[in-house]
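Participant: This is the structure I have questions about; it appears just below.
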Amino acid sequence: MVFWSFLWQIAQAGASCREAIRQAQSLCQRSGQRVPPDETSPYCQARGQLPLDPLEDIHRALIRETAVGLARQDLWCGHHVQVIDGTTLTMPDSAANQKAYPQQSVQKPGCGYPIMRLVALFSLATGMIAAWATGNWFASEIGLLQSLWEHLPAGEVCVSADITPLKMN
């Protein structure tokens, strides 16, 4: 139930944990199952404890299935196109996160949040994230991208999403 509630929450732009619980409650009522409580804390804690390996297995299966279902017209000149993009994310302010994902050196101690760097490959045909790599604030996006080479089979085309517009005079 936690997985399906989380999946529903992800699919709804901006959906809160409370909304996910209401959906789960409605589903349980209709199917005659025990209705979960109104509190969001148990759901949020359970969501944080979802095991990573099965989630990664589901992701890999989805990527394989969508690749099989792509039509020729979804490809560019017969090639899969992967878009490369990088960003940073702030993390919950815990001692473990501060150690693994330290803040910028200009940040005052005790202020701000740990920062994770993320580089991802997106399929242009499906819009799905095909693969990603993470590091701390000091990790190079190029270095993270190099760790994703194995996800770029020969014949695929890569495009960087980091395109700076030219100034026209």
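The values are calculated or read from the model by the stated rules, or taken from the named source; none is laboratory data. None of the values given here were measured: they were computed from a predicted structure. FYI the Cβ positions are ideal-geometry reconstructions off the backbone, even for glycines, and counts take in every protein chain you see.
Participant: If I filter the range 16-38 for residues that are assigned to a helix (DSSP H, G or I), modelled with pLDDT under 90 and not acidic (D, E), do I get at least one hit? Break it down into steps so the answer makes sense when it comes.
Facilitator: Just the residues of the range 16-38 that are assigned to a helix (DSSP H, G or I), to begin with: 17-31.
Among the residues that remain, those that are also modelled with pLDDT under 90 are: none.
Among the residues of the range 16-38, not one is assigned to a helix (DSSP H, G or I), modelled with pLDDT under 90 and not acidic (D, E), which makes the answer no.
Participant: Moving on. With the checklist (1) of a type outside the set (K, R); (2) outside any helix (DSSP H, G or I); (3) under 25 Å from V119 (Cβ atoms) in hand, flag the one item T66 doesn't pass.
Facilitator: With (1) of a type outside the set (K, R); (2) outside any helix (DSSP H, G or I); (3) under 25 Å from V119 (Cβ atoms) applied to T66, the lone miss is (2).
Participant: Being within 30 Å of G155 (Cα to Cα) and touching a residue at least 60 places away in the same chain (Cβ under 8 Å) narrows it down to one residue among D57, D85; which is it?
Facilitator: Numbers: D57 fails: touching a residue at least 60 places away in the same chain (Cβ under 8 Å).
Of D57, D85, the one residue that is within 30 Å of G155 (Cα to Cα) and touching a residue at least 60 places away in the same chain (Cβ under 8 Å) is D85.
Participant: If you don't mind, there's one more thing I want to ask. For I63, state whether it is modelled with pLDDT under 90 and in contact with a strand residue (DSSP E or B) (Cβ under 8 Å, 6 or more places away or on another chain).
Facilitator: On the way: modelled with pLDDT under 90: yes; in contact with a strand residue (DSSP E or B) (Cβ under 8 Å, 6 or more places away or on another chain): yes.
Yes, satisfied.
Participant: D85 is checked against (1) surrounded by fewer than 13 Cβ atoms within 10 Å (Cβ to Cβ); (2) in a strand (DSSP E or B) and fails just one. What number does that condition carry?
Facilitator: D85 satisfies all of (1) surrounded by fewer than 13 Cβ atoms within 10 Å (Cβ to Cβ); (2) in a strand (DSSP E or B) except (1).
Participant: Of the numbered conditions (1) in the same structural domain as F138 (by TED's automatic domain parsing); (2) β-branched (V, I, T); (3) at pLDDT 85 or above, V106 fails exactly one; give the number of that condition.
Facilitator: (3)
Participant: Would you say A125 is over 27 Å from V2 (Cα atoms), surrounded by 14 or more Cβ atoms within 10 Å (Cβ to Cβ), under 20 Å from the mean Cα position of the chain (by Cα) and touching a residue at least 40 places away in the same chain (Cβ under 8 Å)?
Facilitator: On the way: over 27 Å from V2 (Cα atoms): yes; surrounded by 14 or more Cβ atoms within 10 Å (Cβ to Cβ): yes; under 20 Å from the mean Cα position of the chain (by Cα): yes; touching a residue at least 40 places away in the same chain (Cβ under 8 Å): yes.
Yes, satisfied.
Participant: Could you pull out the residue among T134, T90, T66 that is touching a helix residue (DSSP H, G or I) at 6+ places or on another chain (Cβ under 8 Å) and either without any contact (Cβ under 8 Å) to a residue 60 or more places away in the chain or closer than 26 Å to L7 by Cβ (or both)? Quick ask: steps written out before the conclusion?
Facilitator: Details: T90 fails: touching a helix residue (DSSP H, G or I) at 6+ places or on another chain (Cβ under 8 Å); T66 fails: touching a helix residue (DSSP H, G or I) at 6+ places or on another chain (Cβ under 8 Å).
None of the other options fit; the residue is T134.
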